Amino acid sequence: MKAPNSLLAVLALSSIAIIPGCGTGEASITDEAEVRAATPVPVEVAMPVREDIFATYHATSTIESDADAPVLARVPGEVIELLVEEGDQVQAGQVLARLDGERLRLEMLSARADHERASKELDRYEDLAKRGLVSATMYDGLKFDVDALRAKYDLANLNYGYSEIRATISGIVSSRDVKLGQSIDANSVAFRITDTSELVAYLQIPQSELAKFSAGHNASLQVDSMPGIEFSAIIARISPTIDTRNGTFRATAIIDNQDADLVPGMFARFTIAYEKHEDAMLIPGNAVVDEDDESSVYVVADGAVVLRIVETGIRFGDQIEILSGLADEEEIVVIGHSSLRDGSKVLASNRSVDSFTG
């Protein structure tokens, strides 16, 4: 009977010992939360920079050549000589091909002979007219005949010259549409010449953006065939009318292509800089926390962060303009702010801010 009483006593003492143990466990959990709150959060910080920034608009269009002209055969004939091929650079007036112009040459020679004969006869009649031996009517009629024969000769000579097909503009031969030995008619397309030193693109922009644009704005463009490379352009003209079919206006971009890197037909993505803010305060865009229609940044001070409301301006790429709420010498959290709250301790490492280039 004594053994059971001893067992009960031991169990009772064990129960009493367990109670302080539970209290100790709760205290350790509280300590861990306090330690976590006091442990600095590793973050990357940066300071604002001052540079120019542009407000931009993005558009797409196909690049074209504003100087693209077909070269027509002015007279019919057989192609007896080809002097250029596709891809050749030519100058305005350069001979591209020759036609069989023998018939035209003979017609020109005949017209010249008729004119020379009539001119000599007019010279003889001029002396007679001065002495009153021929009537003024006869003399004037002969003068008109000479003028007509002169015009006929000039026309024949012009047609004979057209047996040489010449470039109408300077540029590159983009197509040859005739073959050696081919007989072609007048007004047939023989070649096409394209000047690619200056290209053009027509940008369709919503009418709601009309007030932002004007001639002279700078632009840049990229094409899929050369990723990562930017080419410069300028907005040369703004259409004064709105296209009623789609509610857009047309902005004409001129592209300097002296290096011939671009070709007509390429699809391009344009970035138009329409508003410039000089010496703007810039910070990385990922430093801004947007919540409840407000923009804020975490400012680092004395090893902790303060959530500061700021006013933002132009955003370009990964940079954003700060209009108010931040000083130039203040550090802001760039990476790691997702786990922060106002007053959090931080362990900051510096990070450089990439410069904006517009």
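The values are calculated or read from the model by the stated rules, or taken from the named source; none is laboratory data. Being a predicted model, the structure only gives us computed values, none of them experimental. All Cβ positions, even for glycine, are placed from backbone atoms using ideal geometry, and neighbour counts span all protein chains on display.
For beta carbons closer than 8 Å, sequence separation of 6+ or different chains, a first residue in region 142-160 that is in a helix (DSSP H, G or I) and a second that is aromatic (Phe, Trp, Tyr), the qualifying pairs are Leu142/Tyr125. Highlighted here are the strands (runs of 3 or more DSSP E) found entirely within region 1-116 that include at least 3 residues which are in contact with a Gly (Cβ under 9 Å, 6 or more places away or on another chain) and at pLDDT 95 or above: 77-82.
Could you please let me know if Leu96 is assigned by TED's automatic domain parsing to the domain that holds Thr168 and under 43 Å from the mean Cα position of the chain (by Cα)? Judged against the criteria, Leu96 is a match. Residues in region 304-343 that are farther than 16 Å from Asp279 by Cα and of a type in the set (Gly, Ala, Ser): Ala304, Gly317, Gly325, Gly336, Ser338, Ser339, Gly343.
Pairs meeting the criteria (first residue in region 308-319 and in a strand (DSSP E or B), second residue exposed (fewer than 14 other Cβ atoms within 10 Å of the Cβ), beta carbons under 6 Å, at least 6 apart or on different chains) are Ile309/Glu294; Glu311/Leu323; Glu311/Ser324; Gly313/Leu323. Contact annotation: residue pairs with Cβ atoms under 9 Å, 6 or more positions apart or on different chains, pairing a residue in region 38-49 that is over 9 Å from Leu347 (Cα atoms) with a partner that is surrounded by fewer than 12 Cβ atoms within 10 Å (Cβ to Cβ) and modelled with pLDDT of 90 or more, are Met47/Asp328; Met47/Glu329; Pro48/Ala327; Pro48/Asp328; Pro48/Glu329; Val49/Asp328.
For the residues Leu210, Leu203, the requirement of being of a type outside the set (Asp, Glu) and either at positive phi or within 11 Å of the chain's Cα centre (by Cα) (or both) singles out Leu203.
This table checks each residue for (1) loosely packed, with under 12 Cβ neighbours inside 10 Å; (2) out of contact with any Phe, Trp or Tyr (no Cβ under 7 Å at 6 or more places or on another chain); (3) over 22 Å from His217 (Cα atoms).
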| site | (1), (2), (3) |
| --- | --- |
| Ile283 | no, yes, yes |
| Ser295 | no, yes, yes |
| Ile322 | no, yes, yes |
| Asp328 | yes, yes, yes |
| Val333 | no, no, yes |
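Within the set Pro240, Pro227, the sole residue that is more than 17 Å from the chain's Cα centre (by Cα), of a type outside the set (A, V, I, L, M), surrounded by fewer than 12 Cβ atoms within 10 Å (Cβ to Cβ) and outside the structural domain of Glu81 (by TED's automatic domain parsing) turns out to be Pro240. For region 188-203, the condition holds for at least one residue, the condition being that it is among the aromatic types (Phe, Trp, Tyr) and in contact with an Asp or Glu (Cβ under 9 Å, 6 or more places away or on another chain).
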